[in-house]
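Visitor: Before anything else, here's the structure in question.
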Amino acid sequence: MVLNHGIFQSYYFFHLIGKDHDLHEQFRGDPNFERTVEFCAKYDAPAFDPEYPTKPLEFFEPMLRRAFAEPKRSMYTPARSA
């Protein structure tokens, strides 16, 4: 599913740049085909919908600041005890 994710995701925008948005059809019959189509429909499609309700970037700032406040793992810092 991950290997060809970009090809499946292209369904939502390739037609806008003059490319074949059905490129993923070459994988029909693969055991992961339906699962990948479903994943992209659920998680990727909304990203290409200009009417999809989204939060402003400021909403995410506190989360990003917490996530990047200090290195979690780095070769430059000593290992932490769990």
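Read the figures in this text as sums done on the coordinates, not as results from a lab. Here the structure is a predicted model, which is why all the values come from computation and not from measurement. So basically every Cβ, Gly included, is an ideal-geometry build from the backbone, and we count neighbours across all protein chains shown.
Visitor: Can you find, among Thr36, Ala67, Pro46, the residue farthest towards the positive end of the dipole of the range 28-74? Put +1 on the C-beta of Lys and Arg, -1 on that of Asp and Glu.
Guide: Ala67
Visitor: Same structure again: Scaled to the compact-protein estimate 2.2 N^0.38 Å, what is the alpha-carbon radius of gyration of the chain, rounded to two decimal places? Let's see the in-between values first.
Guide: Working: Rg = 18.8 Å, N = 82, 2.2 N^0.38 = 11.7 Å.
Taking N as the residue count of the chain, the ratio is 1.60.
Visitor: Shifting gears a bit: What is the set of long-range amide H partners of His21 at a cut-off below 5 Å, with H atoms built 1.01 Å from backbone N?
Guide: Under 5 Å from the amide H of His21: His15.
Visitor: Could you work out the helix-only [θ] at 222 nm for the chain, with each DSSP H run of four or more residues adding -39,500 (n - 2.57) and the total divided by the number of residues, to the nearest 500 deg cm²/dmol?
Guide: Values: 3 runs with 23 residues, N = 82.
So the calculated ellipticity at 222 nm is -7500 deg cm²/dmol.
Visitor: Sorted by average packing, counted as other Cβ atoms within 10 angstrom per residue and highest first, what order do 7-16, 64-73, 41-50 take?
Guide: Details: 7-16: 16.3, 64-73: 8.8, 41-50: 11.4.
Top to bottom by mean Cβ count within 10 Å: 7-16, 41-50, 64-73.
Visitor: Can you work out ³J(HN,Hα) from phi for every residue in the range 20-30, in order, using Karplus 6.51 cos²θ - 1.76 cosθ + 1.60 and θ = phi - 60°, giving whole Hz and x for Gly and Pro?
Guide: Once θ is set to phi - 60°, the couplings for the range 20-30 become 6, 7, 9, 4, 5, 4, 4, 9, 4, x, 5 Hz.
Visitor: Do you know the relative contact order of the chain, to the nearest whole percent, from alpha carbon pairs under 8 angstrom that are 6+ apart?
Guide: Working: 34 pairs, mean separation 20.3, N = 82.
Once normalised by length, the contact order is 25 percent.
Visitor: Still on this structure: Placing unit charges on C-beta atoms (Lys and Arg positive, Asp and Glu negative, everything else neutral), compute the dipole magnitude of the chain about its Cα centre in debye, rounded to 20. Working shown, then result.
Guide: Numbers: 10 positive and 12 negative charges, 136 e Å.
Roughly 660 debye for the chain.
Visitor: In whole Hz, what ³J(HN,Hα) sequence does the range 40-50 give by Karplus (6.51, -1.76, 1.60; θ = phi - 60°), x for Gly and Pro?
Guide: Those phi angles translate into 5, 5, 7, 10, 8, 3, x, 5, 9, 9, x Hz.
Visitor: Sticking with this one: Working from Cα positions, state the angle (0 to 90°, nearest 10) between the long axis of helix 57-67 and the longest principal axis of the chain.
Guide: So the inclination is approximately 50 degrees.
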